Amino acid sequence: MVKTTKSDYFTPDQVQTARFAKALGHPVRIAILQLLDSQTCCFHGDMAEELPIAKSTISQHLNELKGAGLIQGDINPPTVKYCINKENWALAKKMLNEILK
């Protein structure tokens, strides 16, 4: 196989690990994931009441986490439901642990 672009040099695992790392690259997103990971079930409510961040800012961070596959659920007001995507969260931890050995 001839490698024709820079992206051809990276494995799917490298690309996915980078996507997870990018999503984790902001302290607000870390705080959101920690909050959701501490829940025994999906979080229903206003995340702005839990974190000292504007609703619009939280929404942007939730969209980034959802885009990376780290959270799932309905993140469109007025119905609000946030859950960790347990399968992808486990995969992210595994992939990041592999490069941080």
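Structural remarks
- Selected residue (criterion: surrounded by the most Cβ atoms within 10 Å (Cβ to Cβ)) from residues of region 4-22 that are without any contact (Cβ under 8 Å) to a residue 60 or more places away in the chain and among the aliphatic types (A, V, I, L, M): Ala18
- One residue stands out in region 42-67 among those that are touching a residue at least 24 places away in the same chain (Cβ under 8 Å) and part of a loop (DSSP other than H, G, I, E, B): the one that is farthest from Lys86 (Cα to Cα), namely Ile53.
- Breaking point among (1) touching a strand residue (DSSP E or B) at 6+ places or on another chain (Cβ under 9 Å); (2) of a type in the set (S, T, N, Q); (3) in a helix (DSSP H, G or I); (4) at pLDDT below 95, for Gln39: (3)
- Qualifying residue in region 76-87 (condition: within 22 Å of Asp13 (Cα to Cα) and surrounded by fewer than 17 Cβ atoms within 10 Å (Cβ to Cβ)): yes
- For Pro27, the criteria (1) at pLDDT below 90; (2) surrounded by fewer than 15 Cβ atoms within 10 Å (Cβ to Cβ) hold in every case but one, which is (1).
- So Ala92, is it farther than 20 Å from Pro12 by Cα, small (Gly, Ala, Ser) and at pLDDT 90 or above: no
- Scanning region 88-99 for residues being hydrophobic (A, V, I, L, M, F, W, C) and either surrounded by 16 or more Cβ atoms within 10 Å (Cβ to Cβ) or in a loop (DSSP other than H, G, I, E, B) (or both) gives a total of 4.
The values are calculated or read from the model by the stated rules, or taken from the named source; none is laboratory data. None of these values were measured; they are calculated from a predicted model. A quick note on method: Cβ atoms are made from the backbone with ideal geometry, for glycine too, and the neighbour counts reach across all protein chains shown.
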